[in-house]
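Quick notes on the structure that follows.
Each value in this text was obtained by applying a stated rule to the coordinates, not by laboratory testing. Quantities reported herein were computed from a predicted structural model and do not represent experimental measurements. Virtual Cβ from ideal backbone geometry, glycine too; neighbours counted across all protein chains shown.
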Amino acid sequence: MAIKPIITAPDPRLRQVSNPVEGVDDALRALMDDMLETMYDAPGIGLAAIQIGEPLRIIVMDLAGEEEEPQPRYFVNPEILDPSDDTNIYEEGCLSVPDYFDEVERPAKCRVKFLGYDGKKQVLDAEGMLATCIQHEMDHLEGVLFIDHLSRLKRERVLKKLKKEQRLAAAE
Ligand code: ZN
């Protein structure tokens, strides 16, 4: 396993639409292991493959609390079915948008169809934090960031700040 560098906005790679995976093999499982390790190291609760530069429809996630056993989740080629009309608002953050958090409204429940770590088809009914986290990560597969759900003013302010920080870091 290896920790990979995480791409941050406004890197154009984060705007790519990720490609479906043909099937789950050992190479893909090795990528998922790297993604999980990178996410734990960050630390974060979810990571899409494009955030480490792989434009593939793969997500890893772990919503376990600090006192709980790790609960890694893997979603390959996830598809959202039946998003609910009722919504939830959570404060979201993103490893690709460092040090910024804001509230986003999303469907409160959804069903997700995907392939698991073993390549088998699975269906999961998600609600609460899990539903929000899945939808946040699914957005990454379409090249969408959580700040795209905010006002243009807020989004531009965040991106400007990130650009400035990256310029300063590069100049050091
Ligand atoms: Zn994110």
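Dipole of the stretch 12-171, Cα-centred, from +1 at each Lys and Arg C-beta and -1 at each Asp and Glu C-beta, to the nearest 20 debye?
Working: 20 positive and 32 negative charges, 210 e Å.
Rounded to the nearest 20 debye, it is 1000 debye.
Restricting the GluC sites (Glu not before Pro) of the stretch 25-68 to loop positions (DSSP other than H, G, I, E, B) with no more than 13 neighbouring Cβ atoms within 10 Å leaves GLU66, GLU67, GLU68. Can you list the lysines whose alpha carbon is less than 25 Å from that of LYS164, not counting same-chain residues fewer than 8 positions off? Straight-line reach from LYS164, under 25 Å: LYS4, LYS154.
Of the residues VAL60, GLY93, ALA170, the one whose Cα sits farthest toward the positive end of the charge dipole of the chain, with +1 on the Cβ of Lys and Arg and -1 on the Cβ of Asp and Glu, is ALA170.
Place the peptides 134-142, 74-82 in order of packing, highest mean first, counting for every residue the other Cβ atoms within 10 Å and averaging per peptide. Kindly include the intermediate steps, with their values, before the conclusion.
Numbers: 134-142: 20.8, 74-82: 17.9.
Highest to lowest by the protection proxy: 134-142, 74-82.
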